[in-house]
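In what follows, a single structure is set out as structure tokens and then discussed.
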């Protein structure tokens, strides 16, 4: 039975107001509490480690929600999920973790997702992180996503961490085979003393494989962010990395994009920018009647949208 | 009535204090359209920025009707009904056109997204476009003008609305500025375009950081041309449209 707090956390991370429409698995405080499989989308517990297997049949269309919520302090939850999207399936997968830490101890969730997108399949994957607390206890989230995109498959990843997470170390690894496509959007906001590290490695393995990695972040307060997006072409693939950060207050942002080609037909581009909010942007919005704070908020909200 | 009373402005650039405006006295009446014109660097945009509160004047006062708004910031002036379409509108990553129009309408009883149609952009095509480098300079400029139309302020200042806009759109732009002008609105257009100068009630010539002439078109036009020729002889840098007859 979901409490009001559970429902609020689910709304924050997965936009769920009720039971999800498709297949789902809700994990709370280290245990699966609700689950529904459907024909063509089977969700089952792993035998030898914490976590689930999600098996989507070939050609299946639908949605799968696998959110995690944590409501206890002094809790360290580690989970391994494997998601296997069958050939030519078309799936929306919503993950994410919401932490409400009621105490002064640490609440930590480490989630490892291994996702296989089989030939010709399409995956839209969103993962949103959110943290809040009452007594100063740390909220820590360390997600790792390992993605294999087979021939002609498409994966779109939206990775969002907007507020309340004290420390995060995100790892995203992807291998893209011939004709496969990956689009990844990462959005991150840190404030106070929060720290975030994002390591991304995308390997373009063969011809017509493409990847687009877009990272947008805002660093406020004394927070620290580090981005290490790496795009490697072993075949004649095409890729683009774009890291863009707004830096404010006494924050620190380090962005180290890398492109690497081992094939003369590869085309790789990277762009990285770090800068404050431009004065002209603030003045434009203030000339419409917004206060400086409202203008700043509007700029950040648009930037991270 | 919108009044700039004995305005002076100095700006610090590279640790040097540069005089920009001096003794600027201007009164703009409701229901009338004005053009500010003059050579590059003469101070036209600075006058507009002082009016909007982007620059605080070093001397003088700004009045909206009888209220002294000199010490009000940009936001407060906007809420009281002063609006400004930037000469070079800034770009915003991620912010959509409809967001910007929404902000414009937040503190006014302005129009809706249909203002895009007025300046020749289809709302269905443009309202969800982002205000970033995917839009051309001309599109940005037209959206900037639409934003001021959406804001619908009592005092509206267009800073070189023609800049970067193609000829076809320019005709439409003139129409929309004229048609949206109302009896209770003061419209001030910074421009060098003869067609814009022809549509206003009064022209103000700014030279060397101050008002050198003002009057209706018939009175002031010959004097502007004369002034331009004078400036030509001094090898001044001149505006292409207004001073087209000058020897190069």
Among residues belonging to the range A:247-277 that are more than 18 Å from residue A:191 (Cβ to Cβ) and not in a strand (DSSP E or B), point out the one that is nearest to the other protein chains (Cβ to nearest Cβ). A:257
Could you identify the single residue in B:99, B:159 that is touching a helix residue (DSSP H, G or I) at 6+ places or on another chain (Cβ under 8 Å), closer than 28 Å to residue B:39 by Cβ and within 14 Å of chain A (Cβ to nearest Cβ)? B:159
Being closer than 19 Å to residue A:48 by Cβ and within 16 Å of the chain's Cα centre (by Cα) is the filter here, so list the residues in the range A:83-106 that pass it. A:83
Please go through the range A:182-202 and give me each residue that is surrounded by fewer than 21 Cβ atoms within 10 Å (Cβ to Cβ), part of a strand (DSSP E or B) and away from chain B (no Cβ under 14 Å), ordered by number. A:183, A:195, A:197, A:199, A:201
What number goes with the only condition from (1) more than 20 Å from residue A:221 (Cβ to Cβ); (2) over 28 Å from the mean Cα position of the chain (by Cα) that residue A:257 does not pass? (2)
When residues of the range A:209-235 are limited to those that are outside any strand (DSSP E or B) and modelled with pLDDT of 95 or more, the one nearest to residue A:151 (Cα to Cα): A:209
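Per-residue answers, yes or no, for (1) in contact with a strand residue (DSSP E or B) (Cβ under 9 Å, 6 or more places away or on another chain); (2) over 16 Å from residue B:99 (Cβ atoms); (3) within 14 Å of another protein chain (Cβ to nearest Cβ); (4) surrounded by 15 or more Cβ atoms within 10 Å (Cβ to Cβ):
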site: B:130; (1), (2), (3), (4): yes, no, yes, yes
site: B:147; (1), (2), (3), (4): yes, no, yes, yes
site: B:183; (1), (2), (3), (4): no, yes, no, no
site: B:191; (1), (2), (3), (4): yes, yes, no, yes
If you go through the range A:296-305 one residue at a time, how many are crowded, with 16+ Cβ neighbours inside 10 Å and more than 8 Å from every other protein chain (Cβ to nearest Cβ)? 2
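Residue-wise test of (1) crowded, with 23+ Cβ neighbours inside 10 Å; (2) touching a residue at least 12 places away in the same chain (Cβ under 8 Å); (3) within 25 Å of the chain's Cα centre (by Cα).
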position	(1), (2), (3)
A:227	yes, yes, yes
A:230	no, yes, yes
A:233	yes, yes, yes
A:236	no, yes, no
A:244	no, yes, yes
A:274	no, yes, yes
Out of the range A:278-291, which residues are surrounded by fewer than 18 Cβ atoms within 10 Å (Cβ to Cβ) and more than 7 Å from chain B (Cβ to nearest Cβ)? A:279
Candidate set: the range B:50-82, residues that are touching a strand residue (DSSP E or B) at 6+ places or on another chain (Cβ under 8 Å) and assigned to a strand (DSSP E or B); chosen: the one nearest to the other protein chains (Cβ to nearest Cβ): B:82
Filtering strands (runs of 3 or more DSSP E) wholly in the range A:1-74 for at least 1 residues that are at positive phi gives A:61-65
Given the criteria touching a strand residue (DSSP E or B) at 6+ places or on another chain (Cβ under 7 Å) and either buried (at least 16 other Cβ atoms within 10 Å of the Cβ) or modelled with pLDDT of 90 or more (or both), does residue B:220 qualify? yes
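The values are calculated or read from the model by the stated rules, or taken from the named source; none is laboratory data. None of the values given here were measured: they were computed from a predicted structure. Reconstructed Cβ throughout: ideal geometry from the backbone, glycine too, with neighbour counts over all protein chains shown.
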